[in-house]
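Novice: Could you have a look at this structure, given as structure tokens, before my questions?
The values are calculated or read from the model by the stated rules, or taken from the named source; none is laboratory data. Keep in mind that what you see is a predicted model, and the values were worked out from it rather than measured. What goes into the accessible areas is simple: the full protein's heavy atoms, side chains included, and nothing from ligands, DNA or RNA. Shrake-Rupley method; radii C 1.70, N 1.55, O 1.52, S 1.80 Å.
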Amino acid sequence: MLTLRSLAVVDQDHEDNAVIWWVGLAEVHQRQRLCGAWVLSPTRVSDITAVTTGRWLLPTPAGREVLAFLRIAVGNSVDPARLAGAVAAERTAIAESFERIRSQSRSRLAPLSLPPLPPAIDLETPPALLTLPEARRALLIARQVETWADTWNEIEERRLARPHLRDQFGNEVRLLPGLNWAEAKAA
């Protein structure tokens with residue numbers, strides 16, 4: 001049963017507040033993935049716990065310090081390099097499988113066009129798109145996760161449009177790879 005449907009990017013601002021941005025992960029055609037944002041004083045431990053519990057956590061180094069100071073466990077942590085590597089590996093497997101199918105097919109199959117992969121998620125200095133308030137690092141990281149999730153969904157949509165790839169990889173949209181969905185805990 002899927003319980004973790006979003007990821008919380010956790011950071012700390014210049015006033016030692018916890019900055020948390022949610023990114024929706026499980027919805028395939030989600031129009032707006034950024035689905036919650038908080039700047040909370042470290043005295044509001046129960047509120048910080050409430051908005052991080054039952055979610056994947058992607059803390060910055062400063063966010064990890066906030067969570068450790070408040071004794072909030074980081075159970076379902078996301079490794080950005082693992083996420084990127086898993087999406088890249090799945091993208092490659094789909095492309096290679098399609099090329100094998102295409103080379104063996106008697107009919108002419110149109111080339112499979114998969115989207116390019118976005119840049120790696122940078123927890124220290126994410127690319128600044130705009131001048132934003134103090135919560136900008138968490139927002140920019142959340143935007144990077146959003147881009148990876150959208151890219152994965154686009155890969156899956158294009159895969160599902162090809163019957164031969166559905167036979168090999170399944171008929172359903174697969175969840176974002178690189179996260180251990182099977183072993184994740186809701187609490």
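Novice: In Å and from the alpha-carbon atoms only, list the Rg and Dmax of segment 32-187.
Specialist: 18.9, 67
Novice: How many Å³ per residue does the convex hull of the Cα positions in segment 1-113 occupy?
Specialist: 140
Novice: A further question follows. Seen from all sides and averaged, what is the projected area of the convex hull of the Cα atoms in segment 140-187, in nm²?
Specialist: Across all orientations, segment 140-187 yields a mean hull projection of 4.3 nm².
Novice: Could you work out what % of the accessible surface of segment 28-187 is carbon and sulfur, using a 1.4 angstrom probe and leaving DNA, RNA and ligands out of the count?
Specialist: 52
Novice: Hey, another quick one. Grab the DSSP H runs of the chain that are 4 residues or longer, score each as -39,500 (n - 2.57), total them, divide by all residues and round the 222 nm result to the nearest 500 deg cm²/dmol.
Specialist: Counting only the DSSP helices, I get -13000 deg cm²/dmol.
Novice: Please work out the average accessible area per residue across segment 1-115, using the 1.4 Å probe convention, and give it in Å².
Specialist: With the other protein chains kept in place, segment 1-115 gives 53 Å² per residue.
Novice: Nearest-5 percent of antiparallel DSSP beta bridges in the chain?
Specialist: So the antiparallel bridges amount to about 70 percent of the total.
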